[in-house]
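Below you'll find the structure, written out as structure tokens, and then a few comments.
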Amino acid sequence: MTTSRIDLRRGSLITAALALLCSLFFVLPANADPIPFDDCPQRQFCLYDGSGGTGTRLDVAEGGKDENYPGTALSAKNNTRMWACLYSGARYGGSLQTVKPGNSDEYVTAGVRWVVASYKLVPTRALCFTGYERCENGEVCTFAERNGRGAMTVHVPAVDPATQNLGNSYGPEAAPKSVWNRTAKHLCFYLKPDYTGTWTEDGKAYGAYVVLRGDSITVPGSLAGAFRSHELVNGTSECQ
């Protein structure tokens, strides 16, 4: 008698378990929603024109960059081993967003879009804050923003026929806020286009702002965007 009761209980438990399992199959959707950003390949940085990893996808390999990104990016996934640097301005200018390896990011918050106008993939996050690497050896490069960011102008030295200065004269559109002097000579910057001009700081007058050979600098705030000419010299005593 006892044995038959145990068998009946076992049969009831098995029947109940099968019924529960079948009910689980019935409630599962035929096509489950895809996992956000799941389609982004390994070793790729993926930009999507929809939020949440939806829409058309652009794949960028490690080390990739674009100083003038023409597309629309509303979300991103970084499946690379590098940091992704995204800028609201072209040529690594404007404000900055960074995406660490393995992370995703959204560029629409409360209906407001954050514009991606340029990007690059770099080994460390610190390199997102600079753009000096665009300047080639032997060049004088000036930048429209601090730390080598923004529009870059490469200056090809020429001898001024009137002054015989070896350098360049330019207008406000090329006036630097940061500089990299990748030449073998020193740089003397001036406030006027004719390699002259002075300014006063702490009661002392200055006639030239010097950037030594091989140095990169962010121009001090009081002089940022103020220079209109520069010359290359062998020694700083040659500055006007």
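Key figures for this structure:
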quantity	calculated
Förster radius 41 Å - calculated FRET efficiency between Ala61 and Ser95 (Cβ-Cβ, nearest 0.05)	0.95
Full-extension gain in nm, Val156 to Ser51, via 0.36 nm per residue minus C-alpha separation	33.4 nm
Local electrostatic count, Phe227, Cβ distance below 10 Å [Lys/Arg +1, Asp/Glu -1]	+3
Choice from Val116, Val159, Val99 showing the highest fluctuation, given a GNM over the chain with Cα pairs closer than 10 Å	Val159
Region 135-238: C-alpha pair distances exceeding 21 Å, %	25
Total formal charge among the other residues, if their Cβ is under 13 angstrom from that of Cys135, Lys/Arg +1 and Asp/Glu -1	0
Choice from Leu121, Leu96, Leu166 with maximal GNM fluctuation in the chain (Cα, 10 Å cutoff)	Leu166
Zone residues, region 72-94, relative to Glu106, backbone N less than 12 Å from point 7 Å out along Cα-to-Cβ	75-76
Average Cα contact separation per residue, region 42-83, under 8 Å, 6 or more apart, as relative contact order %	52
Computed lengthening from Ser88 to Glu238, 0.36 nm per intervening residue step minus Cα-Cα distance	49.9 nm
Cβ-based net charge around Asp215, under 13 Å, with every Lys or Arg adding one and every Asp or Glu removing one	+3
Residue-averaged 222 nm ellipticity for the chain, from DSSP H runs of 4+ at -39500 (n - 2.57), nearest 500	-4000 deg cm²/dmol
Extended-chain gain in nm, criterion 0.36 nm per residue less alpha-carbon gap, Thr72 and Glu136	20.0 nm
The chain, relative contact order in percent, only Cα pairs under 8 angstrom and at least six apart counted	13
Relative contact order computed over region 135-238 (Cα-Cα under 8 Å; 6+ residues apart), in percent	32
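Rule-based calculations on the coordinates, nothing more; no lab input. Computed from a prediction, not measured in an experiment: that's the story for all the values here. Methodologically, a virtual Cβ is constructed for each residue, glycine included, from the backbone with ideal geometry; neighbour enumeration extends over all protein chains shown.
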